[in-house]
Every structure is written in structure tokens, then in C-alpha cells.
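Each remark here refers to the structure printed beneath this line.
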Amino acid sequence: MTAKTNLTINPQRLWDTLMETAKFGGTPKGGIKRLTVSDEDKRVRDWFKAECEKLGMTVEVDEIGNMFATRPGKRKDVAPIAMGSHLDTQPTGGKFDGVLGVLGALEAMRTLVDMGYESNAPLMIVNWTNEEGSRFAPAMLCSGVYAGVFTTDYAYSREDRQGIKLGDELERIGYKGKHKAGAIKFSSMFELHIEQGPILEAEEKMIGVVTGVQGMRWYEVTVKGQESHTGATPMGLRKNALLAAARMIDAIHQVGMAHLPGVASVGLIENRPNSRNVVPGEVFFTVDLRHPDESVLDKMEAAYRAALPRIADDLRVEFEEKCIWKSPAVKFAPELIECVRSGAKQAGYASREMASGAGHDAAYIARVAPTTMVFVPCLGGISHNEAESTTLEECGAGAQVLLNAVLAHDRSFA
Ligand code: HGY
Ligand code: MN
Ligand code: MN
């Protein structure tokens, strides 16, 4: 096969593929609900496997459902260069979070096959299971297992809020593969992703040259008060779990405000018995703290943990609290960051360096292989929202820079 130089991706084909796969879990508002290892996830996985095999790629699945599609290169003695992200979405997710990274990689592969271009190193596309962590906490769970952060059994044991286990669901949809986690090797990974924030759009830059990911910590809080009659229980005698949770949630917000550019959020809450004429007796909620600096994240954690007992004592309720996840701040590989920077320049796009506010599989993969990311803008910086939006041009730019960066790195294997 002869090598070609003008390896230009086909933005229309990428866009059409993004819109085609959005039907797997598509919602009436134009978003996607494709929770990890759901039936919708199975359908997009089956589609992805078939499309990769059409390109002559081999597709392997590991024991936690991570999918690895490989195209051989000239050299059989080196591990593949990987391009990876995720196909699972939030319950009210958009069409691009994660999906652009996997389908942008597919477009890059389609371009190489069309042009009869043979890379030096093999090339690989990876679909990581359960990046979102919405159905099964924590996030980035299965890239975390691949990187040795979690055990396979821990991942299998994770339950959704209905008590269903990840391991059972992987079995049910036929994606509990035969390869051990971590056994399928690659030498480096590039991840294309929408920024999910407002910076690139505000600065009118097409490409984010991503230098790392901020630290993230997740916690679970259960507040225990006393169910009682809303009509017959005097205000001063109540043990109102929901009132305590409300004050705790405000205190957590204040922790974020006091440690900018850190962020502090409560996203999931369950109020029991959730009856209009019962003083709530128990409330479960989740906490998400993030900051680029681990020492500040420690301070945020201390401030949050100091607020809970103060509020609980005031309102005569009890509470239980635990940290369920810590993903430390991570820096990406300078040599790959340089490939992205030169890839953007080669494609003629303005770029800027930035760290990621959102978590990504790349954060864990950076522990086991040189890794970096390519960002493109999204409309208004909105993501984790069915209104998430980008343009054909932005998606095309991201895929082109991804291809340019991978081929720049591939030249080191000549
Ligand atoms: O939580 C995150 O940042 C990612 O979207 N899972
Ligand atoms: Mn994502
Ligand atoms: Mn996400």
C-alpha cells in the first residue's frame, strides 16, 4: 500500500455517523439516554463492532466490556497507538459527550482505509465501559479497572439505584469478554472530546490542547431524622431530614464558592418517604467536589465535613457520610501534547492549552500509558444536557487534529 500525504477526514461522513448513532437511545428532545450496559448501549456496541469489522479491524472485548478495535500497521513488533473514549451517556445526555471521541476515531480509520494508508504502528479504537458513572458509580470505572485502580470484582459489584449489578448487566447484554482487564495492550492513547465548558467558544479557538484533568472526589450522605405527621407535629419537635439535607446542600455550594476555581455540587437526591404530608425521615444525596490542586481539594473536603455535624446537631438529626471515589489531578504526556499542538497547526486551527474540568477515561489511562486529549468547542459550553450541541465543522476539526496528532506520533515508529 502506498503512503498518501493529504489524509483529510470527511466531516460530512462523521456528522452523518454521529446523527445515525444518536438513534440508539435517542430522546424526544434530541438528546441521548444510553445508560451504560443498557439495551441501548448494547445496540450501539453491536453497531460499532460491525463498522470496525467492515474496515478489516479486529474487535476484542475484555472482561468488563471495554472494546478494542485494531488495524494492523507495518510493524508487528510494537503495541498499537490508541484513540479512545466512551459510548455511554448521561440519562439526559447529548449527542457528542464521549461519542465524538469514538466516532472521530472511526472517521480517522475510515480515512486511512479509503486512502490505502498503512501506519507504522498498529492503530486502535477503544470504547471504555461506564465512563459516565451515572448508573453505576464511580465514573471512569472500567478505564479505572484497566489501569489497575479498581478490581474487576469491585466493578462487577457496583449497583445502580434499583440494586442491579454491573457484572450481571454485562453478562445480560453479551459484553463480558474473555480477555482479562489490562491484557489488551496499547502504547499510548489520544482522546477527542467536546470541552463541555465555555472557554474555547468564548475565545473563538477551535482546538483545546489539553494538559491534564482536575482532581475529583465523590461522596454519599444519608441523613436520618424521624418521619412524622406534617399537620400534627409542632415545628420545634421535628427531626426533618430534608431540611437538614437542604442546609447541607447549601453549605456544600458555599464550599465551592469559597475555593474557586474549584466546584462543589449535589446532583442526586432521594427523599423518603417523599409523601406530601410526612415530615421526611431519611434523605440520601451525593456530593461531587473538584479542583485542579489536590491540597485545595483536601481543604474543600475538610470544610464540607465540618459543616455536616453542625447542621445535624442544630436539627437533631443523624447522618452517615463516606467518600466513594477519589480521582487525583493528572497531567498528560508532554510529547503527545506536542503532537496535538502541531496537529492543530498543520490543520490550520487556532488552539489554546487548557486543563479539563470534566473527568475522562484519559485521566486513568494516563497512569498506564502516555495519554492526552483534543478538545473542540460546544455551544454555550453546555453538556450533560440534551441541548448539547456542536457543529459539523467543529467535529470535523477535532477528528482531523486527532488524525494529524496520531500520525505525528506514529512517525516515531518509522
Ligand atoms: O463526571 C465527569 O466529569 C464525567 O462526565 N464522567
Ligand atoms: Mn465524556
Ligand atoms: Mn460525561
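The values are calculated or read from the model by the stated rules, or taken from the named source; none is laboratory data. These numbers come from a predicted model, not from an experiment. Positions of Cβ are backbone-derived with ideal geometry, glycine not excepted, and every protein chain shown enters the neighbour counts.
Here is how the numbers come out for the structure above:
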{"quantity": "Any hit, the range 92-103, residues being away from ligand 2 (no atom under 16 Å from the Cβ) and farther than 20 Å from residue 50 by Cβ", "calculated": "no"}
{"quantity": "Filtered residues of the range 68-86 (kept if more than 15 Å from ligand 3 (Cβ to nearest atom), in contact (Cβ under 8 Å) with a residue 60 or more places away in the chain and crowded, with 24+ Cβ neighbours inside 10 Å)", "calculated": "68, 80, 81, 82, 83"}
{"quantity": "Residue satisfying condition, being out of contact with any Phe, Trp or Tyr (no Cβ under 7 Å at 6 or more places or on another chain) and closer than 30 Å to residue 76 by Cα, within set 163, 177", "calculated": "177"}
{"quantity": "Single condition residue 320 does not satisfy, out of (1) part of a strand (DSSP E or B); (2) within 20 Å of residue 225 (Cβ to Cβ); (3) in contact with a Pro (Cβ under 9 Å, 6 or more places away or on another chain)", "calculated": "(3)"}
{"quantity": "Residue pairs meeting the criteria (Cβ under 6 Å; at least 6 apart or on separate chains; first on the phi > 0 side of the Ramachandran plot, in the range 131-158; second within 14 Å of ligand 3 (Cβ to nearest atom) and assigned to a helix (DSSP H, G or I))", "calculated": "140/361"}
{"quantity": "Top-ranked residue of the range 273-288 - restricted to ones that are under 30 Å from the mean Cα position of the chain (by Cα) and either outside any strand (DSSP E or B) or not polar (S, T, N, Q) (or both), ranked as surrounded by the fewest Cβ atoms within 10 Å (Cβ to Cβ)", "calculated": "284"}
{"quantity": "Matching residues, the range 201-231, being over 21 Å from the mean Cα position of the chain (by Cα) and of a type in the set (Val, Ile, Thr)", "calculated": "221, 222, 223, 230"}
{"quantity": "Qualifying positions in the range 84-93 - closer than 23 Å to residue 365 by Cα and assigned to a loop (DSSP other than H, G, I, E, B)", "calculated": "86, 87, 88, 89, 90"}
{"quantity": "Number of the exception - residue 363 against (1) over 27 Å from residue 7 (Cα atoms); (2) away from ligand 2 (no atom under 16 Å from the Cβ)", "calculated": "(2)"}
{"quantity": "Filter result for residue 304 (within 27 Å of residue 286 (Cβ to Cβ), among the hydroxyl-bearing types (Ser, Thr, Tyr) and either within 16 Å of ligand 2 (Cβ to nearest atom) or modelled with pLDDT of 95 or more (or both))", "calculated": "yes"}
{"quantity": "Among (1) crowded, with 24+ Cβ neighbours inside 10 Å; (2) not in a loop (DSSP other than H, G, I, E, B) - the single one residue 65 does not satisfy", "calculated": "(2)"}
{"quantity": "Count - residues of the range 240-280 that are in contact (Cβ under 8 Å) with a residue 40 or more places away in the chain, in contact with a Leu (Cβ under 9 Å, 6 or more places away or on another chain), more than 16 Å from ligand 3 (Cβ to nearest atom) and of a type outside the set (S, T, N, Q)", "calculated": "13"}
{"quantity": "Residue list for the range 330-357, filter: aliphatic (A, V, I, L, M), surrounded by fewer than 19 Cβ atoms within 10 Å (Cβ to Cβ) and either within 22 Å of residue 261 (Cα to Cα) or within 16 Å of ligand 3 (Cβ to nearest atom) (or both)", "calculated": "355"}
{"quantity": "Test: residue in the range 162-170 that is in a loop (DSSP other than H, G, I, E, B), charged (D, E, K, R) and either more than 16 Å from ligand 2 (Cβ to nearest atom) or more than 30 Å from residue 380 (Cβ to Cβ) (or both)", "calculated": "no"}
{"quantity": "Inter-residue pairs, beta-carbon under 7 Å, first over 17 Å from residue 400 (Cβ atoms) and in a strand (DSSP E or B) and in the range 372-388, second basic (Lys, Arg) and within 14 Å of ligand 3 (Cβ to nearest atom), 6+ apart", "calculated": "none"}
{"quantity": "Residues located in the range 289-301, provided they are assigned to a helix (DSSP H, G or I) and farther than 15 Å from residue 249 by Cα", "calculated": "294, 295, 296, 297, 298, 299"}
{"quantity": "Residue ID - nearest to ligand 1 (Cβ to nearest atom), chosen from residues in the range 323-360 that are touching a Pro at 6+ places or on another chain (Cβ under 7 Å) and assigned to a strand (DSSP E or B)", "calculated": "325"}
{"quantity": "Hey, residue 290 under 20 Å from residue 138 (Cα atoms), within 16 Å of ligand 2 (Cβ to nearest atom), modelled with pLDDT of 95 or more and of a type in the set (Lys, Arg) or not", "calculated": "yes"}
{"quantity": "One residue from 374, 330 being within 16 Å of ligand 2 (Cβ to nearest atom), under 23 Å from residue 18 (Cα atoms), within 16 Å of the chain's Cα centre (by Cα) and not basic (Lys, Arg)", "calculated": "374"}
{"quantity": "Residue within the range 33-43 that is of a type outside the set (Lys, Arg), under 17 Å from residue 194 (Cα atoms) and within 13 Å of ligand 2 (Cβ to nearest atom) present", "calculated": "no"}
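Matching residues to (1) crowded, with 24+ Cβ neighbours inside 10 Å; (2) out of contact with any Leu (no Cβ under 6 Å at 6 or more places or on another chain):
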{"site": "88", "(1), (2)": "yes, yes"}
{"site": "94", "(1), (2)": "yes, yes"}
{"site": "104", "(1), (2)": "yes, no"}
{"site": "107", "(1), (2)": "yes, no"}
{"site": "110", "(1), (2)": "no, yes"}
{"site": "118", "(1), (2)": "no, yes"}
{"site": "128", "(1), (2)": "yes, yes"}
{"site": "137", "(1), (2)": "no, yes"}
{"site": "140", "(1), (2)": "yes, yes"}
